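Have a look at the structure below before the remarks.
Every number in this text was worked out from the coordinates using simple rules, so none of it is lab data. All values derive from a computational prediction rather than experimental measurement. Note that each Cβ is placed from the backbone with ideal geometry, even for glycine, and that neighbours are counted across all protein chains shown.
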Amino acid sequence: MEEQVNNPLHGKRLDHIIEYLVDYMGWDELGSRIRIRCFTENPSIKSSLVFLRKTTWAREKVEQLYLRVLTHERQSK
């Protein structure tokens, strides 16, 4: 099995990524950055997980945003 030492998403569960982003910026900001209904209309972790697990392009956007936030936090320390 190939090690993923340099992959910051390795071992991160999608629910933890969503929770982190919601804690960091809130549902309103998350919905304005990624315009999908599960973030803008009655948002919840559960509805987001259902949609993101089925929709590759949306999951990729969430992962990219998560990586940008992590990079920003590391640079500001």
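A few remarks follow.
- Charges were assigned to the Cβ only: +1 to each Lys and Arg, -1 to each Asp and Glu. The resulting dipole of the chain about its Cα centre is roughly 200 debye.
- Dipole of the stretch 1-63, positive direction: furthest Cα of PHE39, MET25, ASN7, with charges on the beta-carbon: PHE39
- Straight-distance crosslink candidates among lysines, where the alpha carbon sits under 22 Å from LYS61 and sequence neighbours closer than 8 are dropped: LYS12, LYS46
- Most tightly packed first, judged by the mean number of other beta-carbon atoms within 10 Å of their residues, the peptides 67-73, 15-21 read 15-21, 67-73.
- Summing +1 for each Lys or Arg and -1 for each Asp or Glu among the other residues whose beta-carbon sits under 13 angstrom from that of LEU49 gives +3.
- Restricting the stretch 20-63 to GluC sites (Glu not before Pro) in coil, as DSSP defines it, with at most 15 other Cβ within 10 Å: GLU41
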